[in-house]
1. I'd like to check something: does region 64-72 contain any residue that is closer than 18 Å to R39 by Cβ, of a type in the set (F, W, Y), open to solvent by 50 Å² or more (accessible area, probe 1.4 Å) and in contact (Cβ under 8 Å) with a residue 12 or more places away in the chain?
2. Filter region 46-62 for residues that are touching a residue at least 24 places away in the same chain (Cβ under 8 Å) and farther than 11 Å from I82 by Cβ; which is surrounded by the fewest Cβ atoms within 10 Å (Cβ to Cβ)?
3. Regarding R97, is this residue exposed (fewer than 13 other Cβ atoms within 10 Å of the Cβ) and at pLDDT below 95?
4. When the residues of region 7-42 are narrowed to those that are part of a loop (DSSP other than H, G, I, E, B) and not charged (D, E, K, R), which ends up farthest from V61 (Cα to Cα)?
5. With the structure loaded, tell me whether R119 is out of contact with any helix residue (DSSP H, G or I) (no Cβ under 6 Å at 6 or more places or on another chain), open to solvent by 80 Å² or more (accessible area, probe 1.4 Å) and at pLDDT 80 or above or whether it fails that test.
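The values are calculated or read from the model by the stated rules, or taken from the named source; none is laboratory data. Given the structure is predicted, the values throughout are model-derived calculations rather than measurements. Reconstructed Cβ throughout: ideal geometry from the backbone, glycine too, with neighbour counts over all protein chains shown. The protein model used for the area step is the full one, side chains on, heavy atoms only, and it has no ligands, DNA or RNA in it. Shrake-Rupley method; radii C 1.70, N 1.55, O 1.52, S 1.80 Å.
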Amino acid sequence: MATIDDEEAMFETLDPVPSEIATAISDGLNAFNESAEIRREAFAIVWREDGGLIAGITASVSFSVLFIGNLWVAKSLRLSGIGTKLMAAAEEEGRRRAAVAGGGGRAPNQTHERCPPPRQG
């Protein structure tokens, strides 16, 4: 655990992130956003086969930026291209909702196949 001393605060790096910390941060941000009346359009896109959910993505648009939440594909169907199609669908929905950029440095017109791999080291 790394700590950074400051005259006004002490910071900690937590790895892994305890679930209660993740929840507290998320709840705090959501409460602020609701009180500030920040426009946030959350949506999900799902893929179903034979009535069952086999893949899905959650996302939102806020400040004209598309934020991807979670992307999940059933284990038996990973590497089949469904994740790529869900990303493209979320990016298209983001553009439809007036997103002009993507969170994390991604533009809404990029799919993960065109993004460079993470840096090693």
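1. Checking region 64-72: at least one residue is closer than 18 Å to R39 by Cβ, of a type in the set (F, W, Y), open to solvent by 50 Å² or more (accessible area, probe 1.4 Å) and in contact (Cβ under 8 Å) with a residue 12 or more places away in the chain.
2. The qualifying residue surrounded by the fewest Cβ atoms within 10 Å (Cβ to Cβ) is S62.
3. No; evaluated as a whole, the condition is false for this residue.
4. Here the answer is A9.
5. Criteria not met by R119.
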